[in-house]
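The values are calculated or read from the model by the stated rules, or taken from the named source; none is laboratory data. None of the values given here were measured: they were computed from a predicted structure. Positions of Cβ are generated from backbone atoms using ideal geometry, with glycine treated the same way; all protein chains shown enter the neighbour counts. Heads up: the accessible areas ignore ligands, DNA and RNA and are worked out on the full protein's heavy atoms, side chains in. Shrake-Rupley method; radii C 1.70, N 1.55, O 1.52, S 1.80 Å.
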Amino acid sequence: MENKASLKDIAKLFFKLGVIGFGGPAAHIAMMHEEVVKKRKWLTEAHFLDLIGATNLIPGPNSTEMAIHIGHEKAGWKGLLLAGLCFILPAVFITGIFAWIYKQYGQLPEIQNFVYGIKPAIIAIILGAIFPLAKKSIKSIELAIIGMLVLTGSLLNLNEIYLMFGAGLLALLITTVRNKKITNTTSFLSLTFFQIADTPILSVSNSHLFWIFLKIGSILYGSGYVLFAFLETELVATGLLTKHQLIDAIAVGQFTPGPVFSSVTFIGYQINGLGGAIVSTVAIFLPSFVFVSLLNPLVRIMRNSKLFSVFLDAVNVASVAIIIAVCFSMAQDTITNWRTVLIALLSIAVTFGFKKINSAFIVLGASFLGYLLTFILI
């Protein structure tokens, strides 16, 4: 049973998540799961999982698109726009402030000590959310095997979209063989990638920035790290941005809440001031609203179709496997000494031991503990 939600409820929830949502897409989705499925019961576990699977099939920032999906599910077009904007705007505003400071003074304020404890806590939050989703998604031995294959492929850095569609196609093949039916499973799986033609850089105009970021938002699959690879090609290699500025943009994207794609706000401001920031931000997020509005009505149709349902189940398992791989990768980069090990273990204990506690308190507590461990303990 899914509870109803008003526009005011949607706005309040996603604005809150936009303010406290540290840790990247996997952590954001974990927080959404806690708020939307567990606390408010707006969606069932199965429906939430279907939306994750659908989100992974389209380009763009996953957590932002998840917010847009949920808004559309609960309040149609108005909910779609409201959820997306309320989730995006806090990050954009905070990033804009850092962009202004950077432009004025040439450096970022020293906040690393407060960020020290956040990432280990984020891993705990992701694990806490992915555990019930994994139990729900693994419905058979075949799906468990597919999940392990996708997890292995993701740890080997294979392309996420290939893993997603590969999982779906493998599940369809298994079903076809089992039922001894010859079914054309490829006719409905035509994914079109489009790319806006590159134009020579004659000037740093807002229209040029718009097309650059619209193109990236329209074709980019994967995490924020993939975004930065695109930015290096499009901006650093062409001389619009320095390597140092790109690294600082990455830092801002990591220690501010909300979608990592808000780094584009920082970059746009450095290139062309306030106008560049606004244009770049609109362009990078616009495709997400378009893709979700087109895909969302099809999710229930896919679930009600026997053939699509098999495909979607495999995609859901693949989504969980990829999130686990992201968590493993984060742990390798984050848990590097006894302090981070301690913070991670305490966060896991709190996450699994006190399931009703809000993830924001875990993040804030870990940040404060990280600060203390850095300056008090030597």
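Residue check: Thr336 meets all listed conditions (1) farther than 19 Å from Asn62 by Cα; (2) part of a helix (DSSP H, G or I) but one, namely (2). Under the condition of being under 17 Å from Lys103 (Cβ atoms), charged (D, E, K, R) and either free of Cβ contacts under 8 Å to residues at least 24 places away in the same chain or touching a Cys at 6+ places or on another chain (Cβ under 7 Å) (or both), the residues counted in the range 228-249 number 0.
In the set (1) open to solvent by less than 10 Å² (accessible area, probe 1.4 Å); (2) at pLDDT 90 or above; (3) assigned to a helix (DSSP H, G or I); (4) over 24 Å from Ile284 (Cα atoms), Lys74 fails one condition alone, (1).
Criterion first (surrounded by fewer than 20 Cβ atoms within 10 Å (Cβ to Cβ) and part of a helix (DSSP H, G or I)) does Ile278 satisfy it? Yes. Closer than 29 Å to Leu133 by Cβ, open to solvent by less than 10 Å² (accessible area, probe 1.4 Å), not charged (D, E, K, R) and not in a helix (DSSP H, G or I), is that true of Gly258? Yes. Residue count for the range 150-163, restricted to those that are assigned to a helix (DSSP H, G or I) and either touching a residue at least 24 places away in the same chain (Cβ under 8 Å) or open to solvent by less than 100 Å² (accessible area, probe 1.4 Å) (or both): 9.
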